[in-house]
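Below is one structure, written out as structure tokens, with a few remarks after it.
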Amino acid sequence: MANPTQLGFQDASSPIMEELVEFHDHALMVALAICSLVLYLLTLMLMEKLSSNTVDAQEVELIWTILPAIVLVLLALPSLQILYMMDELDEPDLTIKAIGHQWYWTYEYTDFKDLTFDSYMVPTTELLPGHFRLLEVDHRLVIPMESPIRIIVTADDVLHSWAIPTLGVKTDAIPGRLNQTSFITTRPGIFYGQCSEICGANHSYMPIVVESTPLIHFEAWSSLLSS
């Protein structure tokens, strides 16, 4: 959960989000180096006396052609690596189908026979101590910790988007189409997200809550709901 004065990303809870945060820091350092170089050159030009002499500057042209190419390679290689990691989906331990409605989510655990429920936002008047306004739901999406999870996302009416910032997951929910994503939670906890697509008047009132628990607790929870 983000803090009120937080300037950076939320604490990463999945390997993909850890890679995204590292790439973000890497890109910022490259941008800082470029800005520092440009500022230095501008200051140097302002401090030097103007001269009308024209000199052959092939070396300078060669440098400002090759240097941007190197910078682009430094940004492209880790970016492509993360894209491939996000698309790679090995044998998942659990598959969940998330269906977006106006304005709630339906979750279907496809590996279980009868494990389906709707997830509505808890009204402000019904919040319990410690719950977050506009983020808490009546039924959380419970998943086992340190297990590959596949989420199949679709919508029943309009465009939605299933997003959990701390897990590095954001997948569009499109009517008539199945999109999929995967993640692994590295620690137990409760992770909050919201529909990140403008889906109507109550767009900000369909939050997403993922609860990561040890496998033994997940098995007890699933057997309780399936019975």
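The values are calculated or read from the model by the stated rules, or taken from the named source; none is laboratory data. Only a predicted model underlies this, so the values are computations on that prediction, with no experimental measurement involved. A quick note on method: Cβ atoms are made from the backbone with ideal geometry, for glycine too, and the neighbour counts reach across all protein chains shown. For the accessible areas, the whole protein counts, side chains as well, though only heavy atoms, and no ligand, DNA or RNA atoms are used. Shrake-Rupley method; radii C 1.70, N 1.55, O 1.52, S 1.80 Å.
Summary of computed values
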quantity: Positive minus negative residues near residue 9 (Lys, Arg vs Asp, Glu; Cβ under 14 Å); calculated: -4
quantity: R0 of 35 Å, Cβ-Cβ distance residue 156-residue 29: FRET efficiency to nearest 0.05; calculated: 0.20
quantity: Dimensions (Å) - the chain, Cα atoms, principal axes, largest first; calculated: 87, 41, 34
quantity: Quarter of the Cα convex hull surface for segment 1-46, i.e. its orientation-mean projected area (nm²); calculated: 4.3
quantity: 3J(HN,Hα) from dihedral phi, segment 131-138, Karplus parametrisation 6.51/-1.76/1.60, rounded to Hz, x for glycine, proline; calculated: 7, 9, 5, 6, 10, 7, 10, 7
quantity: Average silhouette area of segment 160-227, convex hull of alpha-carbon atoms, in square nanometres; calculated: 5.9
quantity: Net lengthening on full extension, residue 49/residue 75 (0.36 nm per residue, minus Cα-Cα); calculated: 5.7 nm
quantity: Charge tally in the Cβ shell below 15 Å around residue 100, where Lys, Arg are +1 and Asp, Glu are -1, residue 100 excluded; calculated: -3
quantity: Candidates 59, 146, 126: whichever shows maximal mean-square fluctuation once the chain is modelled as a Gaussian network with Cα springs under 10 Å; calculated: 59
quantity: Translational diffusion of segment 1-134, µm² s⁻¹ [Kirkwood Rh, Cα pairs; Stokes-Einstein; 10 °C; 1.306 mPa s]; calculated: 75
quantity: Rounded accessible area per residue of segment 74-227, 1.4 Å, Å²; calculated: 53
quantity: Sites residue 113 and residue 61, calculated FRET efficiency, Cβ-Cβ separation with R0 41 Å, nearest 0.05; calculated: 0.05
quantity: Calculated from backbone phi, Karplus (6.51, -1.76, 1.60) coupling profile of segment 28-37 in Hz, x at Gly/Pro; calculated: 5, 5, 5, 5, 5, 5, 5, 4, 5, 5
quantity: Folded to 0 to 90 degrees: helix 58-87 orientation relative to the chain principal axis, Cα; calculated: 10
quantity: Fluctuation leader among 186, 125, 166 - the chain, Gaussian network, Cα springs under 10 angstrom; calculated: 125
quantity: Compactness of segment 94-225 as Cα Rg over 2.2 N^0.38 Å, two decimals; calculated: 0.99
quantity: Label zone at residue 147 (point 7 Å along Cα-to-Cβ), backbone N below 13 Å, segment 177-219; calculated: 184-185, 211-219
quantity: Average projected area [Cα convex hull, segment 76-139], square nanometres; calculated: 7.5
quantity: Shape box of segment 15-87 [Cα atoms, principal axes, largest first, Å]; calculated: 56, 23, 10
quantity: Sulfur and carbon atoms: percent of accessible area, the chain [1.4 Å]; calculated: 61
